[in-house]
Amino acid sequence: MNITLRLAWRNLWRHSRRTWLTLGAMAFSNILLVFMISLQFGMYGMMIDNTLRVMTGHLQVQAEGYKDEHKMRQTVPDIAELAASLRRDLELERVAPRALAFALASSSDRTYGLQIAGVDPARESLVSSIPGLVRTGNYLAAGDAAEIVIGSVLARNLRVGTGDEVTLLGSGLDGSFAAAVVTVSGIFETGVVELDRGLAEVPLGFFQDVFFMEGAGHQVVIAARDLDEAALLTERTRELVADNPGLVVHDWDALQPGLRQAIKADMSSAFFMYGILVILVAFSVLNTQLMSVLERTREFGIVMALGISPGRLGRLVLLETALMGFMGFVGGAVLGALVTGWFAANGFSYPGMDELTANFNLPSRVYPPVAFLPTVIGPLVVYFFSMVSALYPALRLNWLQPVEAMRAA
Amino acid sequence: MTAVKCIDLCKTYRQGEQEIKALDHVDLDVERGGFVCLSAPSGGGKTTLLNAIGGLDIPDSGQVWIAGTRIDNMSKSELARLRLTQIGFVFQAYNLIPVLTAKENVEFVMQVQGVPARDRAKLALEILDEVGLAGLDGRRPAEMSGGQQQRVAVARALVSRPALVLADEPTANLDSHSADGLMELFVELNRNHQTTFVIATHDQRVMAYAKRLIKMLDGRIVGDIRQHEH
């Protein structure tokens, strides 16, 4: 082992209790950071997944301008055929067509406005969680029957149950009245009040007949397994629809801009707290290294008198910090990964989490993923700021005068 | 050839309201291979003169020349390089690095001097043998006596075979037996390698070893006595 490295290592253990305390602070903060960042990443993944899984999907093919204007006439022609061709070209089952319109829904004594989605009953469950959230009755049967599934709040507002009839009144693609009587086949409950109050689904073929769509629709929804696959599918789909003028592909970020903003806002507040933790650890390192330099003033004076430059001594102090930081990094990252791994297998929850997560349609237990980036990013930041905090004690040696240093007690 | 030349050196310290002339127009020449003792009562200026010769302290005025090179106008890093390669320092307090063994203390300085790793261990063992510490190379300072520690400090100072050795009260913390041993080692090195020694001391036994005894008082040289040759 290089003698400077040996010296730095042994210097660390001159006051082993102090080194252990500093290492403990580093390791503890690293474990906390690894676990919290992993938990956060897990939570964000879950938030994105759950939000997109309800209806949006990871990407959609739409007519240009539809995303912002939502005009009935901004349609995708022959939408079922387009969905089928994308399914074939992408070699992916999770592709479903949709058409959307606003209408009035009336029961015998009440009327409410709602958004009606025409869906492919056989495919919708592959891109949306709504078919699985039917709490009463059944989801739409395959085919084009005049039936409807509505949200639980809307059902309560209209005072209807399964088997009851609801009259729909809206405006067709050609501007004429669109009207139909449908039977409630099921009532879903997503936990998202806006959806439960204002969304209903009918079979796509029936929708196209009622709203005079002539085979057109508004969205081809594509669901990916994860965000990495979503990025690849978006790119590939863009290539596939490039020949269809007027069609655009939007990824989940464009479809749900609020989602990323919410994540960013949450990350900002979390990283502020992490920053405070890192600063506390950095001060602990600064204290340790400053003490270590101050109590060796005489020794440093002697070796400087022998001709060893302050820069070399400064590098020795930095090397000592680097060794301590490395131990804190490895210890914290490994223990942090183990703690995270345990929660990845068993899930993480705390009292009151059930009610909190239910509001966001999230499961009551979070399973933080053990991944490379969340495991190393926190400890790396701690390591970096430990090194930064050691700069002052190291640079201080440049102002040390050997004669005065040798007189130090 | 002149190993050390000091021309009209002055250095004043301020102690509260009082100004203390540590060096008062000091002129000194030391020939190569000289063995000089600076003798003075406490506060007489011998350590200040030694520090000025070693580039540890910059005089207020005057010039210091080492082996024909003027050093009082050198930068800190140039002075550090000079001390590392040309001057060996031995201090009253040995101040070895406590976490390194005797051999590693010597090797550390050699590493900084750029001695290749394969030569360091061999040279360190040789010099430790030369100062009478054969077999003690693996001991840490806390496991050695004061005399042994001072010998390691001497080995550390001499390993690069400097032309000039500056020693400040090197025997102050040693018993008489260890002190004699150390001085005999200095004499031997002076004789065998023509190493120039300038030793600040007020120990009469150390002065007895000197070829030349320079007496100082209140920052001035008040006596320059040529003694015997070794």
Give the residues of region B:98-121 that are part of a loop (DSSP other than H, G, I, E, B), crowded, with 17+ Cβ neighbours inside 10 Å and not aliphatic (A, V, I, L, M), sorted by residue number.
B:Thr101
Taking region A:208-228 and keeping residues in a helix (DSSP H, G or I) and surrounded by 15 or more Cβ atoms within 10 Å (Cβ to Cβ) leaves A:Gln208, A:Asp209, A:Val210, A:Leu227
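Within the group B:Leu79, B:Leu49, B:Leu38, which residue is closer than 23 Å to B:Arg191 by Cα and touching a Gly at 6+ places or on another chain (Cβ under 9 Å)? Steps first, answer last, please.
Values: B:Leu79 fails: closer than 23 Å to B:Arg191 by Cα; B:Leu49 fails: closer than 23 Å to B:Arg191 by Cα.
After applying the criteria, what remains is B:Leu38.
Looking at A:Arg88, is it away from every other protein chain (no Cβ under 14 Å) and under 30 Å from B:Val112 (Cβ atoms)?
Working: away from every other protein chain (no Cβ under 14 Å): yes; under 30 Å from B:Val112 (Cβ atoms): no.
No.
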Can you name the number of the only condition in (1) at pLDDT below 90; (2) in contact with a His (Cβ under 9 Å, 6 or more places away or on another chain); (3) among the aliphatic types (A, V, I, L, M) that B:Val131 fails?
(2)
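Could you identify the single residue in A:Thr183, A:Thr237 that is of a type in the set (Ser, Thr, Tyr) and part of a strand (DSSP E or B)?
On the way: A:Thr237 fails: part of a strand (DSSP E or B).
Being of a type in the set (Ser, Thr, Tyr) and part of a strand (DSSP E or B) holds for just one of A:Thr183, A:Thr237, which is A:Thr183.
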Failed criterion for B:Gly16 (all others in (1) out of contact with any Ser or Thr (no Cβ under 8 Å at 6 or more places or on another chain); (2) within 14 Å of another protein chain (Cβ to nearest Cβ) hold):
(2)
I'm checking my understanding of the structure. Among residues of region B:94-121 that are under 16 Å from the mean Cα position of the chain (by Cα) and within 8 Å of chain A (Cβ to nearest Cβ), which one is nearest to A:Leu313 (Cα to Cα)?
B:Val109
Cβ-Cβ under 7 Å pairs, at least 6 apart or on other chains, region A:1-30 side within 14 Å of chain B (Cβ to nearest Cβ), far side of a type in the set (A, V, I, L, M, F, W, C) and part of a loop (DSSP other than H, G, I, E, B)
A:Leu7/B:Ile97; A:Leu7/B:Val99; A:Leu7/B:Leu100; A:Arg10/B:Val99; A:Asn11/B:Val99; A:Arg14/B:Val99; A:Thr19/A:Trp13
What's the number of the only condition in (1) closer than 22 Å to A:Ile48 by Cα; (2) within 14 Å of chain B (Cβ to nearest Cβ); (3) not aliphatic (A, V, I, L, M) that A:Arg260 fails to meet?
(2)
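Applying the selection to region B:122-145, what residues are crowded, with 16+ Cβ neighbours inside 10 Å, in a helix (DSSP H, G or I) and within 14 Å of chain A (Cβ to nearest Cβ)?
Passing the criteria: B:Leu123, B:Ala124, B:Pro141.
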Find the residue count for region A:263-297, including only residues that are in a loop (DSSP other than H, G, I, E, B) and either within 11 Å of chain B (Cβ to nearest Cβ) or under 33 Å from the mean Cα position of the chain (by Cα) (or both).
1
How many residues of region A:279-332 are free of Cβ contacts under 8 Å to residues at least 12 places away in the same chain and acidic (Asp, Glu)? The answer is 2
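For A:Gly311, are the conditions met, namely being within 30 Å of A:Thr375 (Cβ to Cβ), of a type outside the set (D, E, K, R), assigned to a helix (DSSP H, G or I) and out of contact with any Asp or Glu (no Cβ under 9 Å at 6 or more places or on another chain)?
Numbers: within 30 Å of A:Thr375 (Cβ to Cβ): no; of a type outside the set (D, E, K, R): yes; assigned to a helix (DSSP H, G or I): yes; out of contact with any Asp or Glu (no Cβ under 9 Å at 6 or more places or on another chain): yes.
When the stated conditions are applied, A:Gly311 does not pass them.
For A:Leu397, indicate whether it is aliphatic (A, V, I, L, M) and away from chain B (no Cβ under 14 Å). Explain how you work it out, then say what you get.
Numbers: aliphatic (A, V, I, L, M): yes; away from chain B (no Cβ under 14 Å): no.
Spelling it out, it is not the case that A:Leu397 is aliphatic (A, V, I, L, M) and away from chain B (no Cβ under 14 Å).
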Restricting attention to region A:330-347, does a residue exist that is in contact with a strand residue (DSSP E or B) (Cβ under 9 Å, 6 or more places away or on another chain), farther than 30 Å from B:Phe89 by Cβ, surrounded by fewer than 16 Cβ atoms within 10 Å (Cβ to Cβ) and away from every other protein chain (no Cβ under 14 Å)?
yes
Considering region B:58-93, residues that are surrounded by fewer than 16 Cβ atoms within 10 Å (Cβ to Cβ) and of a type in the set (Val, Ile, Thr), and then whichever is farthest from the other protein chains (Cβ to nearest Cβ), we arrive at B:Thr69
Hey, can you tell me all the residues within region B:1-48 that are closer than 13 Å to B:Pro59 by Cα, buried (at least 23 other Cβ atoms within 10 Å of the Cβ) and not polar (S, T, N, Q)?
B:Leu9, B:Ala22, B:Leu23, B:Val26, B:Gly45
For B:Leu182, only one of the following conditions fails: (1) within 15 Å of the chain's Cα centre (by Cα); (2) touching a residue at least 40 places away in the same chain (Cβ under 8 Å). What is its number?
(2)
Restricting the search to region A:298-315, which residues are more than 7 Å from chain B (Cβ to nearest Cβ) and surrounded by fewer than 18 Cβ atoms within 10 Å (Cβ to Cβ)?
A:Gly311, A:Arg315
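Scan region B:146-161 residue by residue and report those that are in a helix (DSSP H, G or I) and either on the phi > 0 side of the Ramachandran plot or not charged (D, E, K, R) (or both). Working first, answer last.
Restricting attention to region B:146-161, the residues satisfying the condition of being in a helix (DSSP H, G or I) are B:146-158.
Residues satisfying the conditions are B:Gly146, B:Gly147, B:Gln148, B:Gln149, B:Gln150, B:Val152, B:Ala153, B:Val154, B:Ala155, B:Ala157, B:Leu158.
The values are calculated or read from the model by the stated rules, or taken from the named source; none is laboratory data. The structure displayed is predicted, hence computed values, not measured ones. Note that we place each Cβ from the backbone using ideal geometry, even for glycine, and neighbour counts take in every protein chain shown.
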